Amino acid sequence: MGKFHFVPTEIEGVFIIEPSVFGDARGYFMETYQQEEFAAAGIPGPFVQDNQSKSTKGVLRGLHFQKEHTQGKLVRVVSGEVFDVAVDCRPKSKTFGKWVGVVLSAENKKQFYIPQGFAHGFLVLSDEAEFTYKCTDYYDPTSEGGIRWDDPDIGIQWPAVDCEVKLSAKDGLHKGFREQTFDYFERW
Ligand SMILES: Cc1cn([C@H]2C[C@H](O)[C@@H](COP(=O)(O)OP(=O)(O)O[C@H]3O[C@@H](C)C(=O)[C@@H](O)[C@H]3O)O2)c(=O)[nH]c1=O
């Protein structure tokens with residue numbers, strides 16, 4: 001019996017992953033990644049870099065991708081709550097330009113898999129959130145790309161937060177989806 005429940009989304013290749021949580025008098029235990037099970041479910045990896053970030057409420061990181069060394073990302077939240085989004089940037093995909101989102105929290109322990117050929121971002125809904133993820137390729141600042149978080153052509157329905165949305169300087173400069181081409185994602 002597998003320890004994970006892989007829930008497909010409306011976009012092929014994007015999964016919500018629900019772990020089995022074993023609670024007892026001490027607290028709980030869960031596996032967060034198991035190569036064989038993930039590979040059998042369509043998440044082959046291998047993962048070569050793990051990242052962690054902490055952000056305050058209203059922080060929006062995204063929407064990011066790397067043109068070369070494109071990363072698949074297996075993401076989760078270890079404290080707090082975020083709304084996490086994947087945007088399909090694969091020109092040959094039937095869902096090109098579509099988005100899918102999920103609430104990830106320390107409490108619900110869900111994971112989200114964003115494959116290669118996607119833009120990814122998240123909005124912090126709790127006072128603080130710590131976010132951790134595994135990537136299938138290395139960080140390559142020379143090939144960073146982005147899409148503006150509020151692009152009306154994508155139309156992501158971000159949940160409301162009772163504060164302003166805070167972006168990095170870099171994230172304030174991204175162009176819209178239709179103002180760029182995604183030729184480098186044709187192979188995905
Ligand atoms: C992403 C990354 C950043 N850094 C450094 C560069 C910079 O000085 C500092 C902060 O970088 P950024 O502003 O790009 O961090 P951030 O905005 O958190 O970027 C991340 O956003 C989420 C949504 C993703 O999907 C990730 O792949 C990544 O793009 O950390 C690394 O050293 N390695 C990395 O892998």
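Any read-out appearing in this document is the output of simple, stated calculations on the displayed coordinates, not a laboratory observation. None of these values were measured; they are calculated from a predicted model. Neighbour counts run over all protein chains shown; Cβ positions are idealised from the backbone, glycine included.
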- Which listed pairs, of LYS98/LYS170; LYS3/LYS170; LYS3/LYS166, have C-alpha distances above 31 Å, in listed order: LYS3/LYS170; LYS3/LYS166
- Query: Based on the Cα gyration tensor of segment 94-188, what are the three equivalent ellipsoid semi-axes, each the root of five times an eigenvalue, rounded to whole Å and given largest first?
  - Reply: 23, 18, 15
- Distance from the Cα centre of segment 27-91 to that of segment 159-188, in angstrom? 17
- Message: Springs between alpha-carbon pairs under 10 angstrom, Gaussian network model over the chain: which of THR132, THR142, THR95 fluctuates most?
- Response: THR142
- Message: Over the chain, with a Gaussian network built from C-alpha contacts below 10 Å, which listed residue (LYS98, LYS57, LYS170) shows the highest mean-square fluctuation?
- Response: LYS170
- Query: Per the helix-only calculation at 222 nm, which mean residue ellipticity applies to the chain, given -39500 (n - 2.57) for every DSSP H run of n ≥ 4 and division by its residues, nearest 500 deg cm²/dmol?
  - Reply: -500 deg cm²/dmol
- Note on the structure: Taking Cα pairs closer than 8 Å and at least 6 residues apart, the relative contact order of segment 1-116 in percent is 31
- Task: Take the Cβ-Cβ distance between PHE29 and GLU164 as r, set R0 to 35 Å, and report the resulting FRET efficiency rounded to the nearest 0.05.
- Result: 0.35
- Over all Cα pairs of segment 114-155, how is the pair count split among 5 Å bins, expressed in % and running from 0 up to the last occupied bin? 5, 13, 21, 25, 20, 15, 1
- Task: Please state, rounded to one decimal and in Å, the Kirkwood hydrodynamic radius that segment 39-151 gives when every pair of distinct Cα atoms enters the mean of 1/r.
- Result: 14.3
- Item | aspartates and glutamates with Cα under 15 Å of LYS67, excluding same-chain neighbours fewer than 8 positions away | ASP88, ASP137, ASP140, GLU144, ASP183, GLU186
- Within the set PRO141, PRO91, PRO115, GNM on the chain using Cα springs under 10 Å gives the largest fluctuation to PRO141
- Treating the Cα atoms of segment 1-105 as identical point scatterers in vacuum, please give the log10 of the normalised Debye intensity I(q)/I(0) at q = 0.10, 0.12, 0.25 Å⁻¹, two decimals. -0.34, -0.50, -1.67
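If the only charges are +1 at each Lys and Arg Cβ and -1 at each Asp and Glu Cβ, what is the size of the charge dipole of segment 137-184 around the Cα centre, to the nearest 20 debye?
The calculated dipole for segment 137-184 is roughly 120 debye.
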